[in-house]
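Below is one structure, written out as structure tokens, with a few remarks after it.
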Amino acid sequence: MKSILVIGIGRFGKHLCMDLVKNGNDVMAVDEREENLEDILSIVTSAKIADCTREEVLRSFGVRNFDICFVCIGTNFQSSLEITSQLKELGAPYVISKATRDIQAKFLLRNGADEVVYPDRDIAKRISVKVSANHVYDYMEVGDYSIYEIQPLEEWVGKSIKETDFRAKYNANILGIKQEGKSMLLPSADYVFKSDEHLMVIGEKVDINKFVKRL
């Protein structure tokens, strides 16, 4: 369990708070507008109405005691930049700030952000990949690698991973199998593909992206 401060409760900030709480974290939510906090008052550890561009406000929160501080302000970049900078100056251990453009990310990183997220861009990219290829059900990136959830090709069904020579042929690995709501990680080379399952396939982006385009 971690102690987390979330500043800016718009759509992203609200969903972030809900998911953080579901995962067992203590969350303080802060926004200038009371109405933005109404939907999460009953689930977060605490909620405050405050202007976080004021240093004395941030200081009163004891930001150095939070494991992570999120700055989720999307409509006023100047405020986001000021809050990010002040959080680090006040000793916040780890600050994650929201950006909508690369130029914003550069300024946020230069002014103290430990990490920058692009929720709108990342969701758009994930959906575009998902709908642009056949047999792709989900997609995510991890550094230089991509993970795809795909349906087995007809030519694989009834054959084992070893028989398809999957790793050598596609330069990718099968991370897991999903079937009827259950998951199995790292199947053995003798595992036989079934038509009604999904495969979690991982590989370097340049290799697996070529593979997926052929599906």
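So for region 148-165 (the condition being under 30 Å from Q104 (Cβ atoms) and either touching a helix residue (DSSP H, G or I) at 6+ places or on another chain (Cβ under 8 Å) or outside the structural domain of M200 (by TED's automatic domain parsing) (or both)), does at least one residue qualify? So far as region 148-165 goes, yes, one or more of its residues are under 30 Å from Q104 (Cβ atoms) and either touching a helix residue (DSSP H, G or I) at 6+ places or on another chain (Cβ under 8 Å) or outside the structural domain of M200 (by TED's automatic domain parsing) (or both).
Just for helices (runs of 4 or more DSSP H) wholly inside region 33-150: which have at least 2 residues that are in contact with a Lys or Arg (Cβ under 6 Å, 6 or more places away or on another chain) and under 30 Å from I177 (Cα atoms)?
Values: elements: 55-61, 77-89, 102-110, 119-132.
The helices (runs of 4 or more DSSP H) meeting that bar number zero.
Among the residues of region 50-74, those that are closer than 25 Å to Y118 by Cα and β-branched (V, I, T) comprise T53, V63, I68, V71, I73. Would you check if there is a residue in region 177-193 being touching a residue at least 40 places away in the same chain (Cβ under 8 Å) and touching a helix residue (DSSP H, G or I) at 6+ places or on another chain (Cβ under 7 Å)? No, the conditions are met nowhere in region 177-193. Every test in (1) free of Cβ contacts under 8 Å to residues at least 40 places away in the same chain; (2) buried (at least 17 other Cβ atoms within 10 Å of the Cβ) is passed by R126 save one, and that test is (2).
The values are calculated or read from the model by the stated rules, or taken from the named source; none is laboratory data. Model, not experiment: these values are computed from the prediction. Cβ sites come from the backbone with ideal geometry, for glycine too, and all protein chains shown count toward neighbours.
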